[in-house]
Amino acid sequence: MGVWAIALHGGAGMIAKEKMTADWKKRTEAALNEILDVGIAALRNSLPAVEAVELVVRALEDNTLFNAGKGSVLTNKGTVEMEASIMDGRSKNCGAVSGISTVVHPVSLARLVMDNSPHVYLAFDGAEEFARQQGVETVDTNTFITEENREKLENAKKTNSVELDFSEHAPDDLNSGDNEDTRTNGNGAAHAGYNPGQREIANEKTNDHPDRFAIKKKCALHQVFKAEFETVGCTAVDVWGNCAAATSTGGLVNKMSGRIGDTPIVGAGTYANHLCAVSGTGRGEEFIKHTVAKEVAAIMEYKELPLGKAVYKVIHEKLPENMGGLVAVSTSGEVAMAFNTPSMFRASAQEGGERMIGIW
Amino acid sequence: MGWGIALHGGAGDISKDLPRARKEAVEACLAQCLRLGVSALESSHAALDVAELVVKELEANPVFNAGRGSVLTTDGTVEMEACIMDGPTMNCGAVSGLSTVVHPISLARLVMERTPHIYLAFEGAEAFARQQGLETKEPSYFITKENQERLARAQEKSLVQLDHTVYSTTIIVAHNQDNPGQKKNVKQDILPPTDPQKPEFETVGCVVVDSKGNCVAATSTGGLVNKMVGRIGDTPVVGAGNYANHLCAVSATGRGEAIIRATVAREVAAIMEYKKVPLDVAVEEVIGQRLPAGKGGLVAVSATGDVVMAFNTTGMYRASMKQGGTQEIGIWH
């Protein structure tokens, strides 16, 4: 029997140390410790990795400190559209859901899609219908909406309208976060320590591509989303060496209704196979483009690098700066957590090893 | 090193006893779409425009499962999805759950170019389509008699299968809500022994590399016959059914669930990049070894002008051509 290991996150973001009140910090650390204990207990009791990650993510969904389940951020319509996914590395079975508005535990619904349906991914009305048919716990959608998130939405909308006034930009300025003129935080202000010399890689590959894709972007319209990318997720490897990952989120503040991020996209925000399990958090669009979660596994497999090196490459060499982070475990019990934003709520533990929680 | 283009109308268990009328309709459509793409490339259009153009043509033709002619959900409705990805920039756009948009691939492109997002679905996607003034029609426009018949057959088989299999409506929910620490291990045969879904997984797709080496992939589908309402397949999942980067572009077709698990499109590119092998070697590894047999196929192009098509099903409707080469149109191995 091998060693178990677990790594979980409550989201990567832009929280500077000075900005976090002592009380908020204390509550967050307490939550991370408590939830880490849930995962450790499961693994110590020889539960399979896929069970452990589901239990942990359920606990994270319950906690309004994080952007998932209760406490999910709101769409531009002021509604909640949650998404989640789970993947069992042993079988590569997976389940995902999007557009959930009444299900208390989206990650558990994702698991039911995996176990109890012929499909891998259900969304919106169809997913809600399946939830009722499966008898999972549902509540009135307003239960998920917190006052804090209403305020976040209002602030985001205000910023939005300011940005929109400035834009004379080409339509396709909007898609990418990785260009050198707009390395800003979510609210449009330049991030301290930003180095304009980086990130030439994207431009090298344009092959004289038509101008509209090589235009230096002038407007931070695409950066109007609140920078706290607080998705939640968990990766675990059990005593049999099987890895699993699960991720859950409310998405981006003020996102267009119907917008799907990386969380339910297998290979982007969540992935697990015989080598490792990965759960990401950050600007979903970047995770999708760069198939971040799968990338870690691919680098491990094809370049034969250990987990830590693969994770480092993906977060610090492939993913544009300030776009997110991830947690990962490998079948041999390694743990790796990395982020290129100022902060990422996280916690990890290994059998016979150290436990840690962290924010910066 | 010139341009290259490959397109498909779906991989699956295509019977060699295909009725002649259908075979001719399919071959005519493939040839027509190939001509369209080749002509655009010869006029130096960019890969992104060519790929979209070809997929629009495939969507318009009811002989394939995309746009008009999409297969139906278990409720008899249409839920279309599509995805487009531009290799050099890795910008991408995806849509799901469309029921009135005539060209899902064009909506995917608009999501890519006109929103801060990559993927929009269901009502939100439909609302965006209207806001953008894209052509829409009544849902009934997309529903063909042939697909209504397919659905009826699939549902008949389902009912029969339900009588004999472990899949029943009393499935044990995997969690005990009062005692989250004590889960019941649920392992059951959800899929009946013979898949009642029609085996022809007719997604459509097109990959293009233009004379500048820019690769683009575009894919569009109605999904699986008799799928659950709200079911999303591999097509709009970037890295599964559709993917492009500076090395290659890939569009896959087959059993969506299997393609998602195997992250097919991304795997081809990753093998090329990290193992430093040519496109055909990467494709062979994925279709021959990583994707379970009978589950699908793909078309792919590389930035250096290679064109590869592969499938591990009985057949795949396909067509391809390289600059200075001859056109290839095929169905079986």
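The values are calculated or read from the model by the stated rules, or taken from the named source; none is laboratory data. Small disclaimer: the values here were computed from a predicted structure and weren't measured. A quick note on method: Cβ atoms are made from the backbone with ideal geometry, for glycine too, and the neighbour counts reach across all protein chains shown. Accessible surface areas use protein heavy atoms only, side chains included; no ligands, DNA or RNA. Shrake-Rupley method; radii C 1.70, N 1.55, O 1.52, S 1.80 Å.
3J(HN,Hα) couplings calculated from phi for the stretch B:96-107 with the Karplus curve 6.51 cos²θ - 1.76 cosθ + 1.60 (θ = phi - 60°) are, in sequence order, 9, x, 8, 10, 10, 7, 5, 10, x, 5, 6, 5 Hz; Gly and Pro show x. Our estimate of slack between residue B:275 and residue B:148, defined as 0.36 nm per intervening residue step minus the Cα-Cα distance, is 41.1 nm. For the pair residue A:1 and residue A:240, the difference between a 0.36 nm per residue extended length and the Cα-Cα distance amounts to 85.5 nm. Annotation: the antiparallel percentage among DSSP beta bridges lying fully within the stretch B:53-161 is about 70. Rounded to the nearest whole Hz, the Karplus-based 3J(HN,Hα) values (6.51 cos²θ - 1.76 cosθ + 1.60, θ = phi - 60°) of the stretch B:15-32 follow the sequence 5, 5, 8, 3, x, 4, 4, 5, 4, 5, 4, 5, 5, 5, 5, 4, 5, 4, with x at glycine and proline. In whole percents, the pair-distance distribution calculated for chain B from its alpha-carbon pairs, binned every 10 Å from zero, is 6, 28, 34, 21, 8, 2, 0. Ranking of A:240, A:4, A:360 by solvent-accessible surface, largest first: A:240, A:360, A:4 (1.4 Å probe, protein heavy atoms only, all chains present). Between B:250, B:78, B:208, the GNM of chain B built on Cα springs shorter than 10 angstrom shows B:78 fluctuating the most. Normalised by the number of residues in the stretch A:8-165, the mean separation of alpha-carbon contacts (under 8 Å, six or more apart) gives a relative contact order of 18 percent.
Surface listing: B:95, B:277 arranged by accessible area from highest to lowest gives B:277, B:95, probe 1.4 Å.
Note on chain B: helix-only mean residue ellipticity at 222 nm, from DSSP H runs of 4+ residues weighted -39500 (n - 2.57) and normalised by residue number, equals -10000 deg cm²/dmol. Using the Cα coordinates of the stretch A:265-360, the gyration tensor eigenvalues translate into equivalent-ellipsoid semi-axes of 19, 17, 11 Å, sorted from longest to shortest.
3J(HN,Hα) couplings calculated from phi for the stretch B:261-270 with the Karplus curve 6.51 cos²θ - 1.76 cosθ + 1.60 (θ = phi - 60°) are, in sequence order, 4, 8, 5, 3, 5, 5, 4, 4, 5, 5 Hz; Gly and Pro show x.
Each Cα pair under 8 Å and six or more residues apart adds its separation to the average, and for the stretch B:265-333 the resulting relative contact order is 21 percent.
Here the stretch A:26-51 is scanned for amide nitrogen atoms under 16 Å from the site 7 Å beyond the Cα of residue A:20 along Cα-to-Cβ, giving A:26-36.
Dividing the alpha-carbon radius of gyration of the stretch A:1-146 by the rule-of-thumb value 2.2 N^0.38 Å gives 1.11.
Starting from the eigenvalues of the Cα gyration tensor, five times each then square-rooted, give me the equivalent ellipsoid semi-axes of the stretch A:251-303, largest first, whole Å. Kindly include the intermediate steps, with their values, before the conclusion.
On the way: eigenvalues 114, 17, 11 Å².
Largest first, the stretch A:251-303 gives 24, 9, 7 Å.
For the peptide A:251-264, the mean number of other protein chain Cβ atoms found within 10 angstrom of a residue's Cβ is 5. When nucleic acids and ligands are ignored and a 1.4 Å probe is applied, residue B:333 ends up with an accessible area of around 150 Å². Taking label points 7 Å from Cα along the Cα-to-Cβ direction, residue B:49 and residue B:155 give a separation of 4.5 nm. So, how do all the Cα-to-Cα distances of the stretch B:1-144 break down into 10 Å bins, in percent, from 0 on up? Once binned at 10 Å, the Cα pair distances of the stretch B:1-144 give 11, 37, 35, 15, 1. Ligands, DNA and RNA aside, residue B:280 has an accessible area near 90 Å² when probed at 1.4 Å.
What Kirkwood hydrodynamic radius, in Å, does the stretch B:37-88 give when the mean of 1/r is taken over all pairs of distinct Cα atoms and then inverted?
By the Kirkwood definition, the hydrodynamic radius is 12.5 Å.
Using the Cβ-Cβ distance between residue B:15 and residue A:129 with R0 = 35 Å, the FRET efficiency computed as 1/(1 + (r/R0)^6) comes to roughly 0.55.
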